[in-house]
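Trainee: Okay, handing you the structure first.
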Amino acid sequence: PNSEHAFWFRDAAYTTDALDEAGYADTVRQMLQLIAASQLPSGRYPPIIEPDGAPQLPLKTEWDTQGEVIFALVDYARQNHDLAFLHEVYPGIWSAARFQQSLIAGQRQPSLQGTPFYGILPAGESAEDLYNADWHHYWDDFWGMAGFQEAATAARLLGFTNDVASL
């Protein structure tokens, strides 16, 4: 925390939950509102934001971000019984899930059929400190699945049955 002044969304997936459990729901809500406000028009959440809330550029190809943000938003709403917050952030949740779907659709190419990479999230920089950015990092896919599951939970809680079926 002392060497970095930026904020990684993957950290929000567990720190917001821990802060919430410790009784800091108001702080968590503010953090999540800042995160939600950083969503790009494509539906993508940047993996890292600067202290002023701007995306850190160049954008890294960390594909776990969408699932992590969706999880954090829905988890907060669930823990605090805050359906008003969930309703407020749901358009962003839906948009992030659709962005994830577009990434997966891009991996359903005939050239990838029969390989372990068909229909999963693309290779990316989720572990650039461990491996090359042209490698697949399966935690991206696990967070992607968590994001879809949590988005479906949000849709169910809000009564968006068509979205539940789609997700």
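The values are calculated or read from the model by the stated rules, or taken from the named source; none is laboratory data. As the structure is a computational prediction, the values presented were derived from the model and not from experiment. Every residue, glycine among them, receives a Cβ derived from its backbone with ideal geometry; neighbour counts consider all protein chains shown. Heavy atoms of the whole protein, side chains included, go into the accessibility calculation; ligands, DNA and RNA do not. Shrake-Rupley method; radii C 1.70, N 1.55, O 1.52, S 1.80 Å.
Trainee: Does Trp143 fit the bill of being out of contact with any Leu (no Cβ under 8 Å at 6 or more places or on another chain) and part of a loop (DSSP other than H, G, I, E, B)? Spell out how you get there, then give the answer.
Mentor: Details: out of contact with any Leu (no Cβ under 8 Å at 6 or more places or on another chain): yes; part of a loop (DSSP other than H, G, I, E, B): no.
The answer is no for Trp143.
Trainee: Still on this structure, I have one more. Can you work out which of the residues in region 1-41 that are open to solvent by 80 Å² or more (accessible area, probe 1.4 Å) and not in a helix (DSSP H, G or I) is nearest to Phe142 (Cα to Cα)?
Mentor: Out of the qualifying residues, it is Pro41.
Trainee: From the list Asp75, Asp52, exactly one residue is assigned to a helix (DSSP H, G or I) and out of contact with any Lys or Arg (no Cβ under 7 Å at 6 or more places or on another chain). Which is it?
Mentor: Criteria check complete, one pass: Asp75.
Trainee: Another question, if that's okay. Can you tell me how many residues within region 121-140 are under 17 Å from Arg98 (Cβ atoms) and open to solvent by 20 Å² or more (accessible area, probe 1.4 Å)?
Mentor: The qualifying residues number 1.
Trainee: In region 88-111, which residue that is closer than 14 Å to Thr153 by Cα and of a type in the set (Phe, Trp, Tyr) is nearest to the chain's Cα centre (by Cα)?
Mentor: Trp94
Trainee: Let me ask you something else. Quick one: how many residues across region 98-135 are closer than 21 Å to Gln66 by Cβ, without any contact (Cβ under 8 Å) to a residue 60 or more places away in the chain, small (Gly, Ala, Ser) and assigned to a loop (DSSP other than H, G, I, E, B)?
Mentor: 2
Trainee: Ok, one more. Which numbered condition trips up Gln100, out of (1) crowded, with 18+ Cβ neighbours inside 10 Å; (2) out of contact with any Lys or Arg (no Cβ under 8 Å at 6 or more places or on another chain); (3) more than 30 Å from Ala25 (Cα to Cα)?
Mentor: So Gln100 meets the others, but not (3).
Trainee: What's the number of the only condition in (1) open to solvent by less than 20 Å² (accessible area, probe 1.4 Å); (2) in contact with a helix residue (DSSP H, G or I) (Cβ under 6 Å, 6 or more places away or on another chain) that Tyr118 fails to meet?
Mentor: Unmet condition: (1).
Trainee: Taking region 142-165 as the search range and keeping residues that are of a type outside the set (A, V, I, L, M, F, W, C) and without any contact (Cβ under 8 Å) to a residue 24 or more places away in the chain, which one is nearest to Ile48 (Cα to Cα)? Let's see the steps before the verdict.
Mentor: So the first thing to find is which residues in region 142-165 are of a type outside the set (A, V, I, L, M, F, W, C), and the list is 144, 147, 149-150, 153, 156, 159, 161-163.
Checking the rest, the ones that are also without any contact (Cβ under 8 Å) to a residue 24 or more places away in the chain come to 149, 156, 159, 161-162.
Working: Gln149: 23, Arg156: 29, Gly159: 32, Thr161: 32, Asn162: 32 Å.
My answer is Gln149.
Trainee: Which of (1) open to solvent by less than 10 Å² (accessible area, probe 1.4 Å); (2) more than 13 Å from the chain's Cα centre (by Cα); (3) at pLDDT below 95 is the odd one out, the single condition Phe85 does not satisfy?
Mentor: Condition not satisfied by Phe85: (3).
Trainee: Another question, if that's okay. Filter region 42-57 for residues that are open to solvent by less than 50 Å² (accessible area, probe 1.4 Å) and aliphatic (A, V, I, L, M) and give the result.
Mentor: Ile48, Ile49, Ala54
Trainee: Another question, then. Mind checking whether some residue in region 58-77 is exposed (fewer than 13 other Cβ atoms within 10 Å of the Cβ), within 29 Å of His136 (Cα to Cα), touching a residue at least 40 places away in the same chain (Cβ under 8 Å) and touching a helix residue (DSSP H, G or I) at 6+ places or on another chain (Cβ under 9 Å)?
Mentor: Initial filter on region 58-77 (exposed (fewer than 13 other Cβ atoms within 10 Å of the Cβ)): 58.
So of that shortlist, the ones also within 29 Å of His136 (Cα to Cα) come out as 58.
Filter again for touching a residue at least 40 places away in the same chain (Cβ under 8 Å), leaving none.
No, every residue in region 58-77 fails to be exposed (fewer than 13 other Cβ atoms within 10 Å of the Cβ), within 29 Å of His136 (Cα to Cα), touching a residue at least 40 places away in the same chain (Cβ under 8 Å) and touching a helix residue (DSSP H, G or I) at 6+ places or on another chain (Cβ under 9 Å).
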